[in-house]
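Quick notes on the structure that follows.
The values are calculated or read from the model by the stated rules, or taken from the named source; none is laboratory data. This one's a predicted model, so the numbers in the text were calculated from it and none came from an experiment. As a convention, Cβ positions derive from the backbone with ideal geometry for all residues, glycine included, and neighbour counts pool all protein chains shown.
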Amino acid sequence: MKSSLVATLAVAAVLLFSGAAHAGKTVDEIRARGQLACGVSTGVAGFSAADSKGEWRGMDVDFCRALAAAVLKDPAKVRWSPLTSQQRFTALQSGEIDVLSRNTTWTLGRDAGQGLVYAGYMFIDGQGFLVHKRSGVTAAKQLNGAEICVQTGTTTEKNLAEFARANGIQFKTLMFENLRAVLKAFFSGRCQAFTADASALASIRANDSGKPEDYLVLPDRISKEPLGPVVRRGDEDWFALVRWAIFALLEAEEQGITQANVDQMRKSADPAVQRLLGVSEDVGKPLGLDREWVYRMLKAVGNYSEIFERNVGPTSLLQLPRGINALPRDGGVMYSPPLR
Amino acid sequence: MGAAMKRYLTPGNAVLGALLLWAAWHLFDWAIVQAVFRPDVAACHALEGRGACWGVVAEKYRVIFFGRYPFEEQWRPLLATALMLVMLGLSVSRPFRNRRILVLWGAGLAIFLLLMKGGLFGLANVDTPRWGGLPLTLILTVFGLAGAFPLAVLLALGRNGRLPVVRSVCAVFIEIVRGVPLVAVLFMAAFLFPLFLPQGWDFPALLRVLVGIVLFAGAYLAEVIRGGLLAIPRGQTEAAQALGLSYWQMQVRVILPQALRQVLPALMNSAIALFKDTSLVIIVGLFELTGALGLAVDGDPKWRAFALDGYLFIALIYWIGCFALSRYSRTLERAT
Amino acid sequence: MQKARNLLLQAAIVGLVLLALYALAGIVAAKMRGLGVEPGFGFLAQRAGFDIGDTLIDFDAADSYGRAFVVGLLNTVAVALVAIVASVLLGGALGLGQLARNRLLARLCEAYVELFRNVPLLLQVLIVYVLLIGRLPLPHEAWHVFGDWGPDVWLSKSGLALPWPIWGEGGLMLERPVLGRFTFSGGAMLSPEFMAVASALTLFTAAYIAEVVRGSVQSVSQRQTEAALALGLSDAQTLRFVVVPQALRSMIPPLANQLLNLIKNSSLAVAVGYPDLVAVADTTLNQSGHAVECIAIIMAVYLTLSLLTAALMGGWHARLLRQQGGH
């Protein structure tokens, strides 16, 4: 009895204090493990979702593949952890994953004070409304008095309530706890509008409505939702690597380097291209990488525009326009500082 | 015979009978005559509600029965489900009513898990989040009961025992669990268990939910078993003690076998209740039979309009399962 | 010797339980702080920030989480009360129906019980809900339930819109529901979510109550009934004065059990988005991260409701036993 009590005490003590000891060199851990541990969603089409063969696909997924290509020289060396919105931050804090690449909105509260830090944004979204065209509604403010379907999430219902207050209108909010229940309710006509991130609404209109021409995503965006990869605080090297991986993908688009032409482009005379692909300068050294890391990322997943087009662009299932997610020269805000 | 006939031929019965016939005919007409059995959406829409659209089942049966399990591997859950049903069938038949059944179940459950999970003998590994449909319903029910039973025996013995502290700990646990809805227990499994674990530890959702179900069912079974224990005459205990049996020997060899035999029908009823209750795990994101139907139909614009027909089909499956079990329980009741 | 060992054993158990709880509390608190959440019930005073569709008292996003919980609790109580009354009536009728001398009627009642008892309640809730939101018309084509002459009651996908008494300038007056651009406003509105949960709870629990009633009435001996009939009492009188009073005594404990189940089962409302206590707790938990506290509140409330129901039914039982003393 006594010895088991002592053992229990010891176990309890270990359990209590085991939480503190995580900082270390994330890159070293990844290399030692031979795998990048990437946290993704449990299934958001276009961002991270397993296809019918169990293969992960999406923008967030491609970004992790690019990271694996940069660090481990093999885009396939990724261990995927599908996480719910409740689990995602805990998984990162506990060291279960190296990077959270899972349509997660960058906010002050999350970026400071939770032991996390955002490396940048991969996609800028915003909460919008999907309505039945027959209702004749063309702007969110016209929805005064309407019944609005919401999936219980983290910020969606708050944004909706704030929008109503700010505009002096009233909604009747119907909250459902999973997406399928919302779809069932909205498409059967139980509510007149459905609010969620516009990217999700576009995909739902295109794929889940049966008749996209009967539905409309209103132009209003009632929230800012910049989505980007998150890492643990305390490892500046890893943070810098993840951040500059995003910039490199953007820079490659700007220079016109694609998955298909990356081998040819190594022979390009353009100094910016030569630098980026590690031909003239070593852009890997400051990050603790070799000089060909960008070349490998592009070879694996292509530049930002290719990732966008493949997963969420006009020809994909989601059919999203590039919009604000374009490079500055095309009227967007996806800006990359110089890689030199 | 004539008198019985006369008793049936009252005007009230005539009206009732006519109504019944009318309703039965309409049901038959709707469910069979007019119904569409082919997976043909256009034909289903053309019905305009005059008949059932069983086509939704014909189209979606793979997802309804196996959830998100990888398509090419679905022979595995099929085989596993068949195995489980055969084992349930064997357990009911007389020749297996002895210790052999335990060995059979041990081996059966191991093979079941191996088939589902894979990773050995060249079977591809399939992680638990992709398990779903009927096999998941069976896992939650059978493994839930298997886990709950020993817990329930301990709780019942504890609550009936002589140690006041043990008695009150068991009583408090049982009453708290029985006082809250299963949904609350499932929320606990989904949201709290991960918080209880130290940093970096994680259990798959299925395992957490199973633990929740074991705790929940354990409390209910404990009260049933306790009822059986209370029905054992004191003389039995005294006789066993006089024979010099220790506490555990006495319980295992003398008291429990009698108590359990006495409450077998009530235990069966608890099993039926659990079978039905497993449908609630959809609330924490596991896709057993009910959830798998939602998966198959609610997200598909083509077939969404026929969700009702799908639900009725699932209801029929549950109904057959529960009805068969309750009939079996009734024969047990007569036997004891 | 034995006694000392027992005492030691018990002390050890108490110690272990306390230690386990302490360790758990430590781990949970550390984890919550890691997530930027300060453990405790203080968050109940914070602004909820979300709206609730179905409310019995005024609520908007500026109100506190605590008030949101009250709204949820009232919704739970409302749906449970409606279902309790309806299921006792339906279940009682079905139970007596099963014993009717008319065999056809009896079989029909038995069939009902077998049908509804053997299908999971969740499935019944979903089926009723899909039926309601699938088959009812849009608000603009709402059915005028009592036609143009009766009270102004409209049935549509938005629910059942009813006239409702309010305090106006001229005292108490009936406010009638009016169709707006999207749906009805004014009067009272029973949402399809409420109707689905209330009716499925009723249909399901009635099957169990029917069995309780049948069992209790059957336990009243055949001879008593025959004696009453021989005394010249009619069927109805026999039922009213002889059978029911005796059956009630044995009926109340199992009936109380069924009502407790009903109250707990009302938590299935979360599956169709009716904002009961569990649904509000679910939303709050997602918003605030206070998982432990929210689940503790759910448990405490249901335990209280259970104890309250048990006490009420127990009191009634005791009173009946006292009144009928001699039997």
Unmet criterion (only one of (1) farther than 27 Å from B:Ala35 by Cβ; (2) without any contact (Cβ under 8 Å) to a residue 24 or more places away in the chain) for B:Leu115: (2)
Residues located in segment B:26-80, provided they are aromatic (Phe, Trp, Tyr) and outside any helix (DSSP H, G or I): B:Phe37, B:Trp54, B:Tyr69
Any hit, segment C:76-99, residues being assigned to a loop (DSSP other than H, G, I, E, B), touching a helix residue (DSSP H, G or I) at 6+ places or on another chain (Cβ under 9 Å) and over 19 Å from C:Leu305 (Cα atoms): yes
Residue in segment A:81-104 that is in a helix (DSSP H, G or I) and either acidic (Asp, Glu) or within 30 Å of C:Pro177 (Cα to Cα) (or both) present: no
Answer residue from segment C:286-310, given it is farther than 16 Å from B:Pro194 by Cβ and within 7 Å of another protein chain (Cβ to nearest Cβ) and is surrounded by the fewest Cβ atoms within 10 Å (Cβ to Cβ) among those: C:Leu303
In segment C:178-187, the residues that are more than 7 Å from chain A (Cβ to nearest Cβ) and under 14 Å from A:Lys172 (Cα atoms): C:Phe184, C:Gly186
C:Leu132 vs. criteria within 14 Å of chain B (Cβ to nearest Cβ), assigned to a helix (DSSP H, G or I) and free of Cβ contacts under 8 Å to residues at least 24 places away in the same chain: no
Any hit, segment B:286-300, residues being without any contact (Cβ under 8 Å) to a residue 12 or more places away in the chain and assigned to a helix (DSSP H, G or I): no
Neighbours by Cβ (under 8 Å, 6+ apart or cross-chain): first from segment B:309-336, acidic (Asp, Glu); second not in a helix (DSSP H, G or I): B:Asp309/B:Ala52; B:Asp309/B:Cys53; B:Asp309/B:Trp54
Evaluation of B:Leu47 against (1) within 30 Å of B:His26 (Cα to Cα); (2) in contact (Cβ under 8 Å) with a residue 24 or more places away in the chain; (3) surrounded by 15 or more Cβ atoms within 10 Å (Cβ to Cβ) (one fails), failing number: (2)
Answer residue from segment B:156-174, given it is more than 8 Å from chain C (Cβ to nearest Cβ) and not aliphatic (A, V, I, L, M) and is surrounded by the fewest Cβ atoms within 10 Å (Cβ to Cβ) among those: B:Ser168
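Conditions tested, residue by residue: (1) over 21 Å from the mean Cα position of the chain (by Cα); (2) modelled with pLDDT under 95; (3) surrounded by 18 or more Cβ atoms within 10 Å (Cβ to Cβ).
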residue: A:Asn207; (1), (2), (3): no, yes, no
residue: A:Leu218; (1), (2), (3): yes, yes, yes
residue: A:Gly234; (1), (2), (3): yes, yes, no
residue: A:Arg266; (1), (2), (3): yes, yes, no
residue: A:Gly278; (1), (2), (3): yes, yes, yes
residue: A:Glu281; (1), (2), (3): yes, yes, no
residue: A:Pro286; (1), (2), (3): yes, yes, no
residue: A:Leu289; (1), (2), (3): yes, yes, yes
residue: A:Leu298; (1), (2), (3): no, no, yes
Single residue of segment A:120-130 satisfying the filter (touching a Gly at 6+ places or on another chain (Cβ under 6 Å) and not hydroxyl-bearing (Ser, Thr, Tyr)) that is farthest from the other protein chains (Cβ to nearest Cβ): A:Met122
Qualifying residue in segment C:176-189 (condition: among the hydroxyl-bearing types (Ser, Thr, Tyr) and either within 17 Å of C:Asp276 (Cβ to Cβ) or over 29 Å from the mean Cα position of the chain (by Cα) (or both)): no
Selected residue (only one of B:Arg208, B:Arg167, B:Arg178, B:Arg162 is farther than 23 Å from B:Leu113 by Cβ, of a type in the set (Lys, Arg) and touching a residue at least 12 places away in the same chain (Cβ under 8 Å)): B:Arg178
Failed criterion for B:Gly132 (all others in (1) at the interface with another protein chain (Cβ under 10 Å from one of its Cβ atoms); (2) crowded, with 17+ Cβ neighbours inside 10 Å hold): (1)
Qualifying residue in segment A:42-57 (condition: modelled with pLDDT of 75 or more, charged (D, E, K, R), surrounded by 15 or more Cβ atoms within 10 Å (Cβ to Cβ) and more than 25 Å from C:Val28 (Cβ to Cβ)): yes
Helices (runs of 4 or more DSSP H) enclosed by segment B:112-194 - at least 1 residues per element that are at positive phi and touching a Leu at 6+ places or on another chain (Cβ under 9 Å): B:133-160
Residue satisfying condition, being under 30 Å from C:Ser185 (Cβ atoms), small (Gly, Ala, Ser) and surrounded by fewer than 18 Cβ atoms within 10 Å (Cβ to Cβ), within set C:Ala86, C:Ala25: C:Ala86
Number of positions in segment A:69-122 that are more than 27 Å from A:Lys224 (Cα to Cα), surrounded by 20 or more Cβ atoms within 10 Å (Cβ to Cβ) and in contact (Cβ under 8 Å) with a residue 60 or more places away in the chain: 5
Among residues of segment C:120-155, those that are surrounded by 23 or more Cβ atoms within 10 Å (Cβ to Cβ) and among the basic types (Lys, Arg), counted: 0
Residues that are basic (Lys, Arg) and either under 27 Å from the mean Cα position of the chain (by Cα) or on the phi > 0 side of the Ramachandran plot (or both), drawn from segment B:21-75: B:Lys60, B:Arg62, B:Arg68
Flag for C:Asp148 being more than 14 Å from every other protein chain (Cβ to nearest Cβ), in contact with a Lys or Arg (Cβ under 6 Å, 6 or more places away or on another chain) and not in a strand (DSSP E or B): no
Count - residues of segment C:211-232 that are at pLDDT below 80 and either within 30 Å of C:Ser306 (Cα to Cα) or hydrophobic (A, V, I, L, M, F, W, C) (or both): 2
Any hit, segment A:145-153, residues being part of a loop (DSSP other than H, G, I, E, B), at the interface with another protein chain (Cβ under 9 Å from one of its Cβ atoms) and farther than 22 Å from C:Met189 by Cα: yes
Subset of segment C:11-59 [more than 30 Å from A:Gly113 (Cβ to Cβ), assigned to a helix (DSSP H, G or I) and at the interface with chain A (Cβ under 9 Å from one of its Cβ atoms)]: C:Ala12, C:Gly15, C:Leu16, C:Leu19, C:Ala20
